[in-house]
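Undergrad: Just passing along the structure, written as structure tokens.
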């Protein structure tokens, strides 16, 4: 068996959580075939992860498979899409069956969690990298884009910020700490939880949305630009985990929350009247600012003073856009 | 501008042949959005090309862009799909604006020829490789799979075989010859012409189809296996170009036609009554064999004698499945 057949074999051996009615034809022909319900649109996103750039060259293949798919699926969450499937293009310098088995198991764990099915792929020889293309469906006109934020609306996030950036020195082995602190942070890095259910719940409610991959301030800049508005981020409203605060202390934790990448929680804008209903339904939403006239992103203190720092990017693996 | 923005810039600067009504949202958000007509299915295929494996490390970026997209689009032709768009994941060790401009122009040339639109992508730093994911639409139930060949049908191809394999020593600089011979062969290698129109014309007529990427005999093996039949290939019926015959002579040209990869012409099966209509409509179809009971693929001479050789794969860049 070739590498892709091995992955397929190991992947197929695991139970498929939701067989995905939308997949009319899976692996094994020239193309896969997807069917949508009447009026649905297909959401598509492609991400590449390169060893030494986006993840350590030496890393656990289970964790790599799990993380890679989680990162990609997060783009579906950001559009409010119902997950369908994904293709995997894997380039490997060499491989062992054990490596592929563990990789496929990690991929499968995340695929089950997300309701995604492997529908095709390609395996090639070369320096280690992965390109995942994910597919989801969204009712026509209901996708959450970046361009609809309106002046007067609230800016919100779907979970704690900065954990993945805090985890990075632990991932790189540059630092170690007690398990009670390191474990939850490492879990955020290696097992990002794409907020697919939240994204679907925000359809028709949020006016703009994305997933935070490059850091809160940088990503809010994308919403501001696409929507033609200015976003104010309130420094003292940022949700942070106790593990991050324990590891870094208040000041560095705040910086991680503002500019650390790889958290993969949703940031979105919505009219204030929508907030109560979502919170009452149990969605973990924190208001962190507001939409105003102008352009760009500003950090403000509790008195509304502009304290935008020359925030520098946290050290992280991402160097691409 | 980052690399992907540069590609998008150069790509967008060229006229877009067919704006693609199916692309509801293109580059720039978390996902692209595609819309299908009622009853259509989406066809999806992913291919990776790695420098030094699938193409020479040093090569013309225009030709690389052109060839990469042609190779991928051929999978849409093989399904009978109407082309819609593609995503590009490009990994580069370094780049110059000139390189990216030429690459985007080559990509664009093929995109225009194929009616494909760039809908998204990712650019990362690392050893040179490309992953292209292509999207097309096909009326529900009319996709050309590999699995429908029936005993008694004809085996056909859509064009001359072996040219790309013949071109390989020229591509690698291991051999040179007069332009009248080298130019048409090099064009087949660097500018494969996916048979998209033929694929669409075969809907409802061909019973099984694929595009020849691994070599005729190997790819016929895929149809035989998926359809549960045996394919007989008539050695003396293989269509070959005069350039290939000039370069290699009859025996080596025949071997290139049988086992050389990268031709990207369609191979398909159909009931004999369908043939005349297609040929009358001007489609360049050559009957090369027939579908019989059994399994696998056999090469026969004009007397029907099995002369299946221990055909060895031609030297080529592909080493993946």
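Undergrad: Is one or more of the residues making up the stretch B:201-208 assigned to a helix (DSSP H, G or I) and surrounded by 21 or more Cβ atoms within 10 Å (Cβ to Cβ)?
TA: For the stretch B:201-208, residues assigned to a helix (DSSP H, G or I) and surrounded by 21 or more Cβ atoms within 10 Å (Cβ to Cβ): absent.
Undergrad: Residues in the stretch A:248-276 that are within 20 Å of residue A:79 (Cα to Cα) and in a helix (DSSP H, G or I): how many?
TA: The total comes to 2.
Okay, residues lined up against (1) more than 20 Å from residue A:35 (Cα to Cα); (2) touching a strand residue (DSSP E or B) at 6+ places or on another chain (Cβ under 8 Å):
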residue: A:95; (1), (2): yes, no
residue: A:98; (1), (2): yes, no
residue: A:101; (1), (2): yes, no
residue: A:107; (1), (2): yes, yes
residue: A:111; (1), (2): no, yes
residue: A:122; (1), (2): yes, yes
residue: A:135; (1), (2): no, yes
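Undergrad: Go through (1) at pLDDT 95 or above; (2) in contact with a helix residue (DSSP H, G or I) (Cβ under 9 Å, 6 or more places away or on another chain) for residue B:95 and report which single condition fails.
TA: Answer for residue B:95: the failing condition is (1).
Undergrad: For the subset of the stretch A:259-273 comprising residues that are under 14 Å from residue A:222 (Cα atoms) and at pLDDT 95 or above, which member is nearest to the chain's Cα centre (by Cα)?
TA: Ranking the qualifying residues of the stretch A:259-273, first place goes to A:266.
Undergrad: Considering only the stretch A:142-158, I want to know if a residue exists there that is more than 28 Å from residue A:281 (Cβ to Cβ) and in the same structural domain as residue A:295 (by TED's automatic domain parsing). Write out each step before concluding.
TA: Of the stretch A:142-158, the ones more than 28 Å from residue A:281 (Cβ to Cβ) are none.
For the stretch A:142-158, residues more than 28 Å from residue A:281 (Cβ to Cβ) and in the same structural domain as residue A:295 (by TED's automatic domain parsing): absent.
Undergrad: In addition: What number of residues within the stretch B:161-199 are assigned to a loop (DSSP other than H, G, I, E, B) and surrounded by fewer than 23 Cβ atoms within 10 Å (Cβ to Cβ)? Quick ask: steps written out before the conclusion?
TA: Restricting attention to the stretch B:161-199, the residues satisfying the condition of being assigned to a loop (DSSP other than H, G, I, E, B) are B:161-162, B:172-178, B:191-195.
Going one step further and asking which of them are surrounded by fewer than 23 Cβ atoms within 10 Å (Cβ to Cβ), we end up with B:172-178, B:191, B:193.
Within the stretch B:161-199, residues that are assigned to a loop (DSSP other than H, G, I, E, B) and surrounded by fewer than 23 Cβ atoms within 10 Å (Cβ to Cβ) number 9.
Undergrad: Now, a different point. State whether the residues of the stretch B:227-234 include one that is in a helix (DSSP H, G or I), touching a residue at least 24 places away in the same chain (Cβ under 8 Å), in contact with a strand residue (DSSP E or B) (Cβ under 7 Å, 6 or more places away or on another chain) and not assigned by TED's automatic domain parsing to the domain that holds residue B:69. So that I can check it myself, show each step before the final result.
TA: Initial filter on the stretch B:227-234 (in a helix (DSSP H, G or I)): B:227.
Now narrow it down to the ones that are touching a residue at least 24 places away in the same chain (Cβ under 8 Å): B:227.
Restricting the remaining residues to those that are in contact with a strand residue (DSSP E or B) (Cβ under 7 Å, 6 or more places away or on another chain) gives B:227.
Imposing the further condition that a residue be not assigned by TED's automatic domain parsing to the domain that holds residue B:69 reduces the set to B:227.
For the stretch B:227-234, residues in a helix (DSSP H, G or I), touching a residue at least 24 places away in the same chain (Cβ under 8 Å), in contact with a strand residue (DSSP E or B) (Cβ under 7 Å, 6 or more places away or on another chain) and not assigned by TED's automatic domain parsing to the domain that holds residue B:69: present.
Undergrad: With the checklist (1) facing another protein chain (nearest Cβ under 10 Å); (2) modelled with pLDDT of 90 or more in hand, flag the one item residue B:126 doesn't pass.
TA: Among (1) facing another protein chain (nearest Cβ under 10 Å); (2) modelled with pLDDT of 90 or more, residue B:126 violates only (2).
Undergrad: Now a separate question. Name, by its number, the condition in (1) within 19 Å of the chain's Cα centre (by Cα); (2) under 21 Å from residue A:188 (Cα atoms); (3) at pLDDT below 95 that does not hold for residue A:76.
TA: Condition (3) is where residue A:76 drops out.
Undergrad: Out of the stretch A:26-47, which residues are part of a strand (DSSP E or B) and at the interface with chain B (Cβ under 7 Å from one of its Cβ atoms)?
TA: First, pick out the residues of the stretch A:26-47 that are part of a strand (DSSP E or B): A:32-35, A:40-47.
Scanning the stretch A:26-47 gives A:32, A:33, A:34, A:35, A:41, A:42, A:43, A:44, A:45, A:46, A:47.
Undergrad: Answer with yes or no whether residue A:130 is surrounded by 24 or more Cβ atoms within 10 Å (Cβ to Cβ), in contact with a helix residue (DSSP H, G or I) (Cβ under 9 Å, 6 or more places away or on another chain) and part of a helix (DSSP H, G or I). Step through it out loud before you land on a result.
TA: Working: surrounded by 24 or more Cβ atoms within 10 Å (Cβ to Cβ): yes; in contact with a helix residue (DSSP H, G or I) (Cβ under 9 Å, 6 or more places away or on another chain): yes; part of a helix (DSSP H, G or I): no.
For residue A:130, the condition - surrounded by 24 or more Cβ atoms within 10 Å (Cβ to Cβ), in contact with a helix residue (DSSP H, G or I) (Cβ under 9 Å, 6 or more places away or on another chain) and part of a helix (DSSP H, G or I) - is not met.
Undergrad: From the list B:159, B:148, B:120, B:140, exactly one residue is more than 14 Å from every other protein chain (Cβ to nearest Cβ) and in contact (Cβ under 8 Å) with a residue 60 or more places away in the chain. Which is it?
TA: Details: B:148 fails: more than 14 Å from every other protein chain (Cβ to nearest Cβ); B:120 fails: more than 14 Å from every other protein chain (Cβ to nearest Cβ); B:140 fails: more than 14 Å from every other protein chain (Cβ to nearest Cβ).
After applying the criteria, what remains is B:159.
Undergrad: Out of (1) in a loop (DSSP other than H, G, I, E, B); (2) within 12 Å of another protein chain (Cβ to nearest Cβ), the odd one out for residue A:135 is which?
TA: (1)
Undergrad: While we're looking at this one, here's another question. Check the stretch B:2-10 and report whether any residue there is surrounded by fewer than 24 Cβ atoms within 10 Å (Cβ to Cβ), at pLDDT 90 or above, more than 14 Å from every other protein chain (Cβ to nearest Cβ) and in a helix (DSSP H, G or I). Even if it seems obvious, please write down each step before you answer.
TA: Filtering the stretch B:2-10 down to residues surrounded by fewer than 24 Cβ atoms within 10 Å (Cβ to Cβ) leaves B:2-6, B:8-10.
Add one more test, that the residue is at pLDDT 90 or above, and what stays is none.
Within the stretch B:2-10 (the criterion being surrounded by fewer than 24 Cβ atoms within 10 Å (Cβ to Cβ), at pLDDT 90 or above, more than 14 Å from every other protein chain (Cβ to nearest Cβ) and in a helix (DSSP H, G or I)), the answer is no, since none of the residues qualifies.
Undergrad: Tally up the residues in the stretch B:48-91 that are surrounded by fewer than 23 Cβ atoms within 10 Å (Cβ to Cβ), within 12 Å of chain A (Cβ to nearest Cβ) and assigned to a loop (DSSP other than H, G, I, E, B), please.
TA: 3
The values are calculated or read from the model by the stated rules, or taken from the named source; none is laboratory data. Computed from a prediction, not measured in an experiment: that's the story for all the values here. Neighbour counts are summed over all protein chains in view; Cβ atoms, including those assigned to glycine, are modelled from backbone coordinates with ideal geometry.
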